[in-house]
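Enquirer: Would you mind keeping the following structure in view while I ask a few things?
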């Protein structure tokens with residue numbers, strides 16, 4: 001029997017267990033009465049005593065964790081020079097969270113967590129890192145906001161790549177909501193960023209990182225209310241994420257999958273989803289995992305255009321079409337722009353980079369699944385070997401030009417390696 005076909009039955013079977021190790025996916029720079037998250041009269045977004053973010057757990061593959069002896073050497077290739085754009089700073093901090101204890105210095109370049117995080121937390125340090133550039137934190141009516149890059153704007157080096165990506169990164173860094181931010185015209189706190197995020201939260205556009213930030217800082221809150229008086233339950237959020245066209249989402253839809261995996265993990269402890277939507281989420285993630293594994297390429301990579309085939313699969317059209325019909329507002333579900341990529345051929349160089357991007361991102365969200373839902377060791381090992389070989393063979397210029405794909409690739413290898421497995 002095809003192992004991929006069997007996988008969904010294994011996923012849904014209760015009681016399947018294994019000795020899978022777990023990785024706590026945070027680094028720690030720190031020395032949520034009601035289940036409703038709203039601005040409220042005191043404008044608080046986290047409850048007293050619940051200021052630290054939820055720690056996501058990553059499962060190692062079945063059997064013994066993977067072994068790579070040269071990961072520290074590879075990490076040094078990602079050290080940055082002062083003035084590197086904010087997108088690289090964010091991705092390097094994401095990578096550093098996989099192994100915060102390892103030093104990362106290379107000549108005049110740095111990968112120090114404390115130095116890089118200070119660029120995000122202190123505008124005085126940001127001014128030193130980006131001399132002559134405008135500040136990337138702005139005051140709003142409801143708190144603070146990190147400026148997001150605009151498509152087509154050249155030289156936008158001080159903007160975060162995605163809406164609320166820095167907020168989600170702060171959760172990776174395990175920063176409490178009370179963490180002080182040194183900004184223009186006085187001090188503030190990370191909670192001010194959370195408050196602005198909640199005030200403007202809507203189920204439209206790119207909201208994956210907003211969800212990650214809010215749910216990790218307030219995991220016990222199951223209803224979110226924005227400044228317009230609109231309320232969203234976790235059920236609403238899961239349905240909207242499942243309904244999003246993967247072909248038009250960031251990084252081929254893998255960030256959508258990561259967010260859904262995080263919701264599933266948090267909800268399993270805080271019971272934030274109805275049984276119906278929890279079952280829907282399990283079926284969606286399990287069937288998606290099946291598809292990713294079944295379409296793995298001969299070189300071990302995951303298909304960079306995997307979303308093209310999954311969106312035409314019978315199970316996807318049946319499940320997702322039903323969810324879309326139930327949404328009150330479907331105007332944002334247009335798929336034309338994303339599907340166009342399915343018919344455009346990739347050059348060999350672009351294809352290699354896209355394979356690295358897809359494979360690293362897929363391994364990260366797959367790692368969020370509980371041990372009983374993990375695939376067999378073989379496809380994970382093949383994918384990891386592909387990433388390792390790609391990192392070894394990549395020229396420094398390639399890594400510099402494609403920092404996101406390669407940093408996610410190394411991040412996936414680090415958490416899959418034995419030195420990072422806990423429990």
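What follows is calculated from the coordinates using simple rules that are stated; it is not laboratory data. All values reported here derive from a predicted model rather than from experimental measurement. Here the Cβ positions follow ideal geometry from the backbone for every residue, glycine too, while neighbour counts run over all protein chains shown.
Enquirer: Ordered by packing density, taken as the mean number of other Cβ atoms within 10 Å over each peptide's residues, highest first, how do 227-233, 385-391, 123-129 rank?
Expert: Taking the mean over residues of other Cβ atoms within 10 Å, the ranking is 385-391, 123-129, 227-233.
Enquirer: By the gyration tensor of its Cα atoms, with a ≥ b ≥ c the square roots of the eigenvalues, what is the shape of the range 192-275: rounded for a/c under 1.5, prolate for a/b over b/c, or oblate? Don't skip to the end; give the middle numbers.
Expert: Values: a/c = 1.57, a/b = 1.15, b/c = 1.37.
Oblate shape, in that a/c is at least 1.5 and b/c is the bigger or equal ratio.
Enquirer: Could you compute the FRET efficiency for residue 67 and residue 128, with r as their C-beta to C-beta distance and R0 at 41 Å, rounded to 0.05?
Expert: Efficiency, from the Cβ-Cβ distance: 0.55.
Enquirer: Then there is this: Multiply the residue separation of residue 55 and residue 147 by 0.36 nm, subtract the distance between their alpha-carbon atoms, and state the gained length in nm to one decimal.
Expert: Between residue 55 and residue 147, full extension yields an extra 30.5 nm.
Enquirer: With labels modelled as points extended 7 Å from the Cα through the Cβ direction, what inter-label distance (nm, one decimal) is found for residue 114 paired with residue 182?
Expert: Between residue 114 and residue 182, the label points sit 1.4 nm apart.
Enquirer: Can you grab the distance from the C-alpha centre of the range 215-289 to the C-alpha centre of the range 352-381, Å, no decimals?
Expert: Here the answer is 19 Å between Cα centres.
Enquirer: Mind ordering 318-324, 302-308 by average Cβ neighbours within 10 Å, highest first?
Expert: 302-308, 318-324
Enquirer: So for each of 349-356, 219-226 I average, over its residues, the number of other beta carbons within 10 Å; can you give me the resulting order with the highest mean first?
Expert: Details: 349-356: 18.2, 219-226: 20.1.
Per-residue mean Cβ counts within 10 Å order the peptides as 219-226, 349-356.
Enquirer: Starting from the 7 Å offset along Cα-to-Cβ, what nm value, one decimal, do you get for the label separation of residue 343 and residue 397?
Expert: According to this spin-label approximation, the distance is 3.5 nm.
Enquirer: Hey, another quick one. Express the relative contact order of the range 127-249 as a whole percentage, based on alpha carbon pairs under 8 Å and six or more residues apart in sequence. Write down the numbers at each step before the final one.
Expert: On the way: 138 pairs, mean separation 24.7, N = 123.
RCO, the range 127-249: 20 percent.
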